[in-house]
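Student: Quick one: this structure, given as structure tokens, is what I'll be asking you about.
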Ligand SMILES: *Cc1c(COP(=O)(O)O)cnc(C)c1O
């Protein structure tokens with residue numbers, strides 16, 4: 001029996017009988033960490049008691065509310081603290097990064113996305129092309145979907161080679177949202193560098209899920225949301241990584257008053273404003289304090305654990321579920337879409353169950369198991385922080401009862 005590592009740290013949704021459900025939907029919205037609730041309540045009380053003085057009083061005051069997030073976020077993504085910044089939401093940050101990095105020059109105009117890109121990523125890439133006066137049908141390229149069992153990393157690397165010097169840059173999900181396949185970011189970055197293109201990573205399904213080494217792997221930028229595996233709550237404060245080689249004015253980018261040194265924010269002479277250090281220079285607005293507080297509480301739950309240990313724990317649970325479902329798969333009731341090789345998957349399993357997917361989601365919920373459905377696919381994530389083998393058993397039992 002593998003128990004969850006930190007189940008008491010979370011409030012899990014309760015089912016029809018009032019007992020906690022097997023919550024397998026951390027790939028979509030993580031459950032509430034008690035520490036997140038406590039941090040938000042703390043800031044609400046400070047707002048009630050201090051009003052505007054809360055900006056500068058307290059530890060930290062609201063003007064410094066994101067400062068304590070730098071180090072824990074940097075650890076989770078494998079970066080230096082000045083390479084990360086907590087701001088905005090994922091699609092906004094992707095737009096800001098594409099505005100920074102997508103600079104068409106001569107024949108070099110295109111942006112390549114990984115196979116079956118997330119709809120928002122595709123739309124952001126296309127709308128940014130329109131802002132640049134480019135035709136998105138020509139300037140946005142999507143890597144071919146690999147054949148069953150094939151590798152998305154291979155497909156991306158092949159597409160990079162085929163596009164060659166037509167590529168400005170490459171933007172890929174580090175873990176694919178649809179089937180949970182892990183991408184080898186270092187291989188993608190090396191292939192892109194070989195043709196002179198930059199690389200951006202979408203970490204929506206990767207941060208808080210798998211170990212990342214953004215600085216060493218050489219990607220130029222990354223963006224993420226915090227409501228999935230980071231458990232920071234609906235609409236949580238997202239984040240971005242910008243590699244050190246682009247810091248200090250090396251590249252032009254959007255910036256607002258929060259992108260300048262704190263002491264200069266009210267300076268009326270723009271020529272004398274100094275930029276905030278590193279990735280913080282990409283900030284525009286003052287941050288949403290309640291969301292920053294929730295994220296801080298959520299990150300505290302990760303503190304005692306390495307990402308390698310969490311990834312190993314989640315993979316073991318996913319493997320147990322896969323093995324328990326082998327019979328149902330052999331009988332043709334479902335197909336596991338997530339790659340089986342340990343280096344190519346994490347804690348999420350995507351199961352093709354045919355037209356039954358939405359009905360299954362509802363039936364499982366009545367049985368006390370929370371998953372989600374996308375088209376004919378059911379996705380279940382086994383988060384080692386709050387899931388254990390008891391949840392794997394509940395899932396398999398409930399699913400087999402529905403098939
Ligand atoms: C969840 C997700 C997003 C979400 O974008 P928001 O801007 O946070 O709404 C973006 N990309 C991918 C790949 C996702 O899985």
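Student: Restrict the check to the range 180-194 and report whether at least one residue is more than 9 Å from the chain's Cα centre (by Cα) and within 12 Å of the ligand (Cβ to nearest atom). Quick ask: steps written out before the conclusion?
Tutor: To start, the set of residues in the range 180-194 that are more than 9 Å from the chain's Cα centre (by Cα) comprises 180-194.
When the remaining residues are screened for being within 12 Å of the ligand (Cβ to nearest atom), the result is 180, 183.
Checking the range 180-194: at least one residue is more than 9 Å from the chain's Cα centre (by Cα) and within 12 Å of the ligand (Cβ to nearest atom).
Student: Right, something else. Within the range 313-348, track down each residue that is assigned to a helix (DSSP H, G or I), within 22 Å of the chain's Cα centre (by Cα) and in contact (Cβ under 8 Å) with a residue 60 or more places away in the chain.
Tutor: 313, 314, 316, 317, 318, 343, 344, listed by residue number.
Student: Within the range 117-160, track down each residue that is surrounded by fewer than 19 Cβ atoms within 10 Å (Cβ to Cβ) and within 16 Å of the ligand (Cβ to nearest atom).
Tutor: Result: 119, 120, 122, 123, 126, 127, 142, 145.
Student: Restricting attention to the range 10-28, report how many residues are in contact with a strand residue (DSSP E or B) (Cβ under 9 Å, 6 or more places away or on another chain) and either within 16 Å of the ligand (Cβ to nearest atom) or assigned to a loop (DSSP other than H, G, I, E, B) (or both). Write out each step before concluding.
Tutor: In the first step, residues of the range 10-28 are kept if they are in contact with a strand residue (DSSP E or B) (Cβ under 9 Å, 6 or more places away or on another chain); the result is 10-15, 20-28.
Still in the list and also either within 16 Å of the ligand (Cβ to nearest atom) or assigned to a loop (DSSP other than H, G, I, E, B) (or both): 12-13, 15, 21, 24-28.
Number of matching residues: 9.
Student: Same structure again: Being within 16 Å of the ligand (Cβ to nearest atom) and at pLDDT below 95 is the filter here; which residues of the range 43-93 pass it? Working first, answer last.
Tutor: The first filter runs over the range 43-93 and keeps only residues within 16 Å of the ligand (Cβ to nearest atom), leaving 73, 77, 85-93.
Within the range 43-93, none qualify.
Student: Next up: Hey, among 265, 322, 344, which residue is surrounded by 15 or more Cβ atoms within 10 Å (Cβ to Cβ) and touching a helix residue (DSSP H, G or I) at 6+ places or on another chain (Cβ under 8 Å)?
Tutor: Details: 322 fails: touching a helix residue (DSSP H, G or I) at 6+ places or on another chain (Cβ under 8 Å); 344 fails: touching a helix residue (DSSP H, G or I) at 6+ places or on another chain (Cβ under 8 Å).
Every option except 265 fails the conditions.
Student: Among the residues of the range 372-397, which ones are under 19 Å from residue 327 (Cβ atoms), touching a strand residue (DSSP E or B) at 6+ places or on another chain (Cβ under 6 Å) and buried (at least 20 other Cβ atoms within 10 Å of the Cβ)?
Tutor: 378, 380, 395
Student: Does any residue in the range 1-13 that is closer than 18 Å to residue 318 by Cβ come within less than 6 Å, Cβ to Cβ, of a residue that is part of a strand (DSSP E or B) and modelled with pLDDT of 95 or more six or more places away or on a different chain, and which pairs are these?
Tutor: none
Student: Return the only residue of 221, 302 being touching a strand residue (DSSP E or B) at 6+ places or on another chain (Cβ under 8 Å) and in contact (Cβ under 8 Å) with a residue 60 or more places away in the chain. Spell out the reasoning first.
Tutor: On the way: 302 fails: touching a strand residue (DSSP E or B) at 6+ places or on another chain (Cβ under 8 Å).
Among 221, 302, only 221 is touching a strand residue (DSSP E or B) at 6+ places or on another chain (Cβ under 8 Å) and in contact (Cβ under 8 Å) with a residue 60 or more places away in the chain.
Student: Answer yes or no: is there a residue in the range 195-202 that is within 10 Å of the ligand (Cβ to nearest atom), closer than 23 Å to residue 118 by Cα, buried (at least 24 other Cβ atoms within 10 Å of the Cβ) and within 10 Å of the chain's Cα centre (by Cα). Steps first, please.
Tutor: Within the range 195-202, the first condition is being within 10 Å of the ligand (Cβ to nearest atom), and the residues that meet it are 202.
After this cut, where a residue has to be closer than 23 Å to residue 118 by Cα as well, the list is 202.
With buried (at least 24 other Cβ atoms within 10 Å of the Cβ) added as a condition, the list becomes 202.
Subsequent filtering for residues that are within 10 Å of the chain's Cα centre (by Cα) retains 202.
Yes: the range 195-202 contains one or more residues that are within 10 Å of the ligand (Cβ to nearest atom), closer than 23 Å to residue 118 by Cα, buried (at least 24 other Cβ atoms within 10 Å of the Cβ) and within 10 Å of the chain's Cα centre (by Cα).
The values are calculated or read from the model by the stated rules, or taken from the named source; none is laboratory data. Worth saying up front: this structure is predicted, and the values here are computed from it rather than measured. Please note: Cβ atoms are built from the backbone with ideal geometry, for glycine as well, and neighbour counts cover all protein chains shown.
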